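Before any comments, here is the structure.
No value in this document is a laboratory result; all are computed from the given coordinates. Predicted, not measured: the structure shown is a model, and the values here were computed from it. All Cβ positions, glycine included, derive from the backbone under ideal geometry; neighbour counts span all protein chains shown.
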Amino acid sequence: MAAKFQVGGHVSASGGLYRALERAQERELEAVQLFVSAPQTWRATKHTDADVEKFREMHAESGLGEVWIHNIYLANLATETDEQLEKSLGSVINAMQVAERIGAQGVVLHTGSHKGQGMEAVLEQVVGAIHTIFEQAPGDAVLALETMAGQGGAIGTYFEELGAIIGEVKSPRLKTCLDTAHTFAAGYAIHTPEGLDDAMAEFDRHIGLDLLAVIHANDSKIALGGFRDRHENIGDGHIGTSGFEAMAAHPAFQDKAWLLEVPGIASEEHPKGDGPDPENASRLKAIRDRVTVKKPSKKKAASR
Ligand SMILES: [Zn+2]
Ligand SMILES: [Zn+2]
């Protein structure tokens, strides 16, 4: 019997990598995602061997589970300019090398944008870029391409786009991150048990369920098929508590980290919220703990 999932979240690493572990514990999280470089700038933050050692020691003592790095947002492996491609590659290689040093599972990446040209126009460049990343950052760290909501021709709006890249790269280190808010906004009805079964059968057909490495667990302010990216607190959006119950019961979602990237519940101290907060973590843990995991189904996807 596989273990149920870990409830984690994205936390700040400002003040040192190990601070992310402290913040995760304060927020009652069981797994961690962090930036190892400021997400809106190209310049990579330097991490000394002492920083790395401190992180590893504290992680070992903390009882925390998986550690994931989110790549900076500026990267676009499908960019049209050599300069931007060079910088994008540098950012992912750096994150992958830090992942290896701190013992993280891997790096979650927004692959980039084909800007409406379609995948065929950019596939060769993206595949070449990922080969370069694995050459320059050897080791075990996984690169997890994230599913996207569909703004601005984002690669990963449809499972077949990620499937096309993975099918060409053919590396055991290339996997995926499913963001529940993004995938829902992209039109996959993962908020009902039937819709979820169909979506995951389609995921299996294009990508393979074994290549689902990590979950971004976010409710959505945007309705099904709205193609925009606005996260909401667990249970307060269009996915809703029953939607997360369906996912918590689905065999494909077990045994991995579910990472919250939610705004947080507004309070007097934090009028705009301070997510991922203990309240969101406790909502997700309660869902996990009351739901019974279903047996894997043999149902085939309806073709689309
Ligand atoms: Zn992301
Ligand atoms: Zn998002």
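Below is a table of values for the structure above.
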| read-out | value |
| --- | --- |
| DSSP-loop GluC sites (Glu not before Pro) across the stretch 209-291, with at most 12 other Cβ within 10 angstrom | E268, E269 |
| Loop-located trypsin sites (Lys or Arg not before Pro) in the stretch 139-195, at most 16 other Cβ atoms within 10 Å (DSSP) | K170 |
| Mean separation of Cα contacts under 8 Å (6+ apart) over length of the stretch 118-251, as relative contact order % | 23 percent |
| Simple label model, 7 Å out from Cα along Cβ direction - K115 to S62, nm | 3.9 nm |
| Given charges at beta-carbon only (K, R positive; D, E negative), |dipole| of the stretch 6-290 in Debye | 320 debye |
| Restraint check, K256/K294; K46/K170; K221/K272; K256/K285; K4/K294, Cα-Cα greater than 20 Å | K46/K170 |
| Charge dipole (the stretch 6-290, unit charges on Cβ, about Cα centre) - positive-most of F134, G225, I239 | F134 |
| Whichever aspartates and glutamates have a C-alpha closer than 14 Å to that of K115, once near sequence neighbours (fewer than 8 apart) are set aside | E80, E161 |
| Calculated [θ] (222 nm, deg cm²/dmol) that DSSP helices of n ≥ 4 give over the chain, each run adding -39,500 (n - 2.57) | -11500 deg cm²/dmol |
| Likely footprinting exposure, E30, E100, E86, E53, fewest C-beta neighbours within 10 Å first | E86, E53, E100, E30 |
| Computed magnitude of the charge dipole of the stretch 125-192 (debye, nearest 20; Cβ of K, R +1, Cβ of D, E -1) | 80 debye |
| Estimated Rh, the chain: Kirkwood, alpha-carbon pairs, angstrom | 19.4 Å |
| The chain: relative contact order in percent, alpha carbon pairs under 8 Å with at least 6 residues between | 17 percent |
| Trypsin sites (Lys or Arg not before Pro) within the stretch 19-61, DSSP loop, no more than 16 other Cβ atoms inside 10 Å | R43, K46 |
